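Notes to accompany the following structure.
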Amino acid sequence: MAPHTLTEAPRVSFTDLPVSKPIRRAVADQGWEIPTPIQALTLPVLLGGEDVVGIAQTGSGKTAAFSIPLLEVIDSKTRGVQALVLVPTRELAAQTAAELANLSRHEPVRPVVLCGGVPIGPQIKALKGRTATVVVGTPGRIIDHLQRGTLGLGSVRYLVLDEADRMLDMGFAPDVGRILSRTPDGRQTALFSATMPGAIRSMVKSHMRSPQWLAVESGAPTVDTVEQVSYRVNGRDKTSVLRSLIDAEKEPRAIVFRRTKHGATKLHRQLERDGYKAGLLHGGKTQAQRTKTLAAFVGGRTRILIATNVAARGLDIPNVSHVINYDLPEDVETYVHRIGRTARAGRDGIAATLVSEAEKREFDKIKRALTVEVRESRLPVSA
Ligand code: AMP
């Protein structure tokens with residue numbers, strides 16, 4: 001975190017902010033009463049036209065924090081891309097576009113989503129001859145459009161880099177740099193990230209205009225409404241432990257994380273064989289399959305979602321009761337992102353980590369980097 005980071009969220013209400021009426025109405029329609037802490041910190045600065053580096057986790061309300069000021073700068077009559085939101089994954093792009101559409105419902109701005117994994121033709125068509133254009137997309141596909149000449153960024157006035165740390169992890173840094181260099185210097189930029197590795201600091205230095213650094217928490221990131229527990233288990237027994245955790249809940253809604261596609265597929269097969277209805281989400285699935293799986297989980301038709309890290313960031317699934325780390329996350333950042341899938345927007349949730357003897361030392365390392373305690377618990381006994 002930068003030394004001048006502001007962490008104390010001011011007390012503001014949506015009515016104190018210079019937000020136009022249609023957006024204020026849309027916020028009220030969502031049932032949002034007060035801004036979340038990261039919104040209280042960043043909205044006044046972004047609405048004032050300044051650059052922001054926001055240190056915020058998923059679930060903190062950061063999408064609206066950058067979307068409301070974005071919608072305020074869009075001019076309904078001007079052609080060309082006025083705002084660009086870069087995100088690491090297709091799922092996050094879809095969610096961000098949905099939030100933009102929601103918040104602009106009384107003065108509609110329909111974002112164009114540009115992501116890989118789907119045909120490019122309809123995207124090219126969608127970009128043609130529009131006004132009030134907002135693009136939400138992943139770096140790879142945006143570069144593709146830039147190379148084909150189907151997208152121009154010369155009129156971008158507002159740019160968002162969401163989950164910047166994740167974009168770097170996924171190797172998007174060179175693409176992001178190329179995209180930024182195609183946008184005007186005078187644009188406003190909002191960068192959000194859960195962690196601030198050195199590579200992001202240098203990105204900020206070379207591409208942003210003396211931004212304000214804003215973060216809600218100090219110290220290591222963690223989601224404090226999540227109850228964090230760990231279970232010491234024999235590696236071989238993980239599946240039966242998982243079953244007892246699920247069986248102990250009346251209405252579970254659990255995301256179970258595995259490290260590899262193969263591991264996720266195997267576990268999915270085992271659970272289905274045991275009579276559980278579970279969804280499977282990993283990077284090897286097509287976009288159509290992923291959308292279907294997510295819809296079934298969000299709609300409650302499946303109560304268990306087995307996923308690799310593809311699903312660890314940005315997904316906003318309401319009321320997830322459990323995040324279960326069947327395999328240990330690779331590092332503390334992944335841990336924080338995984339458990340950020342539960343307890344969203346102030347609700348409670350449980351993050352359970354199954355730790356085998358072989359994983360114990362690695363997990364101890366993760367625990368030392370967290371500010372809150374992970375309680376070691378006894379195994380639940382299934383009924
Ligand atoms: P995000 O961090 O953007 O993924 O947001 C997490 C969740 O918080 C989403 O379900 C939003 O709809 C919700 N949310 C955003 N802003 C507010 C607010 N001011 N009050 C209550 N919920 C909010």
Here the residues within the stretch 47-70 that are within 14 Å of the ligand (Cβ to nearest atom) and more than 16 Å from the chain's Cα centre (by Cα) are Ile68, Pro69, Leu70
Please state which one of Arg11, Arg25, Arg90 is at pLDDT 95 or above and either out of contact with any Leu (no Cβ under 6 Å at 6 or more places or on another chain) or more than 10 Å from the ligand (Cβ to nearest atom) (or both). Arg25
State which residue is farthest from the chain's Cα centre (by Cα) when the search covers only the stretch 36-46 and only residues that are free of Cβ contacts under 8 Å to residues at least 60 places away in the same chain and more than 7 Å from the ligand (Cβ to nearest atom). Pro44
Scan the stretch 76-123 for residues that are in contact with a Ser or Thr (Cβ under 8 Å, 6 or more places away or on another chain) and of a type in the set (Asp, Glu) and report the count. 2
Among the residues of the stretch 235-252, is there at least one that is in contact with a helix residue (DSSP H, G or I) (Cβ under 7 Å, 6 or more places away or on another chain) and assigned to a strand (DSSP E or B)? no
Give the number of residues within the stretch 261-295 that are farther than 16 Å from Gln95 by Cα and either in contact with a helix residue (DSSP H, G or I) (Cβ under 8 Å, 6 or more places away or on another chain) or in a helix (DSSP H, G or I) (or both). 24
Check on Asp348, loosely packed, with under 14 Cβ neighbours inside 10 Å, at pLDDT 85 or above and out of contact with any Leu (no Cβ under 7 Å at 6 or more places or on another chain): no
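The values are calculated or read from the model by the stated rules, or taken from the named source; none is laboratory data. These numbers were taken from a predicted model, which means no experiment stands behind them. Positions of Cβ are generated from backbone atoms using ideal geometry, with glycine treated the same way; all protein chains shown enter the neighbour counts.
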